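Report on the structure given below.
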Amino acid sequence: MRFIAGSGDALPWMVIAFVAAALLSLVLTPAVRRLVMRQGMVDRPEARRVNVVPIPRAGGLAVAAAFLLVAAVFLFLNEQQGWVRVPFQLSAGELAALLLGGAGAAALGALDDYFNLRARWQLLMQIGLAAFAVALGIGIEVINDPFGPGVIRFEGLLAAGFTMFWIVGMMNSINWIDGLDGLSSGIALIAAVTLALISLTTQVGQPLIAVLCFALAGALLGFLRWNFYPAVIFAGTSGVQFIGYSIAVLSILGSAKVAVALLVLGVPIIDTFWIIVRRLANRRSPFSPDRSHIHHRMLDLGLSHRQTVLLIYGICIALGLLSLLLSGVNQLYAFVGVFIVFGLILFVPARGSLRAEELEADAYENGGGARR
């Protein structure tokens with residue numbers, strides 16, 4: 001891994017964006033908490049939730065506001081002053097997709113936080129957001145060929161479809177891993193930092209994207225102060241949709257860093273895949289809640305809430321380091337390896353040693369549980 005020659009010039013702005021977003025999120029989160037409590041937007045205790053007292057949700061609005069404000073101000077000033085070089089592949093429409101789409105994701109997610117919409121309506125909103133991003137120029141056109149030295153190219157409707165699948169899939173992966181205090185926000189923080197670092201390497205060479213990723217990481221860190229166990233506020237659908245959308249788009253901007261995001265976010269992505277496979281295999285809706293996520297398995301092994309979250313953080317950091325050290329094709333190979341291992345952990349036991357009723361949400365008591 002080698003950094004580009006101009007990475008040092010971007011470092012001060014990365015730090016400024018990170019600190020500004022962190023402080024803003026740190027201050028905004030208590031204000032959002034008071035607001036959503038007055039509106040009755042709270043997660044009340046039940047069998048499939050971790051909280052034993054009502055906890056306000058929609059804390060992701062603070063993350064979204066902090067990131068969008070810092071990113072918008074930096075992009076405006078950078079255009080005037082030229083502090084950080086803008087990648088030639090990056091268009092104004094793509095940046096608009098990041099900011100406007102991110103705001104839309106948070107706003108539409110807030111509707112679910114307030115009205116508790118059905119899963120089908122959430123999915124339709126996600127598809128609409130993905131289509132909006134594609135319409136503004138976001139697209140995955142090239143990925144490394146895992147079976148050879150070349151690349152696989154996508155064009156036209158195939159590129160649009162694959163891009164929409166990536167964005168919607170990322171939003172749902174972050175949503176479904178949001179089962180323990182601080183879990184989704186911490187994983188996203190690790191992913192944002194990893195994407196920032198890979199953007200500074202000669203492999204990618206996009207310091208502007210690194211600044212934006214650090215702004216997102218800062219917003220997540222400020223929120224994590226209030227969201228880590230024991231949480232006083234949850235990210236809510238507004239948070240997970242905004243986070244998933246933003247990471248998905250940031251991994252595409254300039255030149256696609258999909259393989260990096262795929263590996264560093266291997267835990268939520270693979271967890272989501274095997275959860276869907278297991279539910280369909282049991283002739284259940286893929287959106288039906290249960291306690292069969294990877295964090296449930298760790299809790300069942302006797303780990304505490306905090307230990308489970310920290311262990312998953314550690315796995316994500318290790319995967320992030322792998323994504324920085326390996327080439328594009330090897331990143332995909334590493335992802336496949338993790339995919340198989342997680343499949344053995346998540347799928348095989350559910351088919352054998354565990355009874356179906358043990359995976360139902362009602363089987364989970366106060367020790368923890370997914371909110372999705």
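Every read-out reported here was derived from the displayed coordinates using simple, explicitly stated rules and does not represent laboratory data. All of these numbers come straight from a predicted model, not from anything done at the bench. Glycine gets a Cβ as well: all are built from the backbone with ideal geometry, and neighbour counts include every protein chain shown.
Between region 106-140 and region 216-274, how far is it from one alpha carbon centroid to the other, in angstrom?
Here the two parts' Cα centres lie 16 Å apart.
Based on the mean of other Cβ atoms within 10 Å per residue, sort peptides 92-105, 153-166 so the most packed one is first.
Descending packing order for the listed peptides: 92-105, 153-166.
Report the paramagnetic label zone for E79: residues of region 190-231 whose backbone N is under 19 Å from a point 7 Å from Cα along the Cα-to-Cβ axis.
207-213
Within region 240-259, list the residues whose amide N lies under 17 Å from a label point set 7 Å along Cα→Cβ of A72.
242-243, 246
For region 10-262, build the charge dipole from Cβ charges (+1 Lys, Arg; -1 Asp, Glu) around the Cα centre, then report which of T163, Y245, Q122 sits farthest towards its positive end.
Farthest towards the positive pole: Q122.
Once every DSSP H run of n ≥ 4 in the chain is given -39500 (n - 2.57) and the sum is divided by its residues, what mean residue ellipticity at 222 nm do you get, rounded to the nearest 500 deg cm²/dmol?
About -22000 deg cm²/dmol.
Rounded, prolate or oblate: which one fits region 106-260, using the alpha carbon gyration tensor with axes a ≥ b ≥ c (rounded when a/c is under 1.5, else prolate when a/b beats b/c, else oblate)?
oblate
So how much slack lies between Q89 and R2, counting 0.36 nm per residue of separation and subtracting their Cα-Cα distance, in nm?
On the way: separation 87, 0.36 × 87 = 31.32 nm, distance 2.12 nm.
Here the segment from Q89 to R2 would lengthen by 29.2 nm.
If we count other beta carbons within 10 Å of each Cβ, what is the order of F214, F234, fewest first?
F214, F234
Once you order the gyration tensor axes a ≥ b ≥ c over the Cα atoms, which shape class does region 218-331 get: rounded for a/c under 1.5, otherwise prolate or oblate by comparing a/b with b/c?
rounded
Could you sort the peptides 172-179, 319-326, 242-249 by per-residue average Cβ neighbour count (10 Å cutoff), highest mean leading?
242-249, 172-179, 319-326
What is the Rg over Rh value, at two decimals, for the chain, using alpha-carbon atoms and the Kirkwood definition of Rh?
Working: Rg = 19.6 Å, Rh = 20.6 Å.
Rounded to two decimals, Rg over Rh is 0.95.
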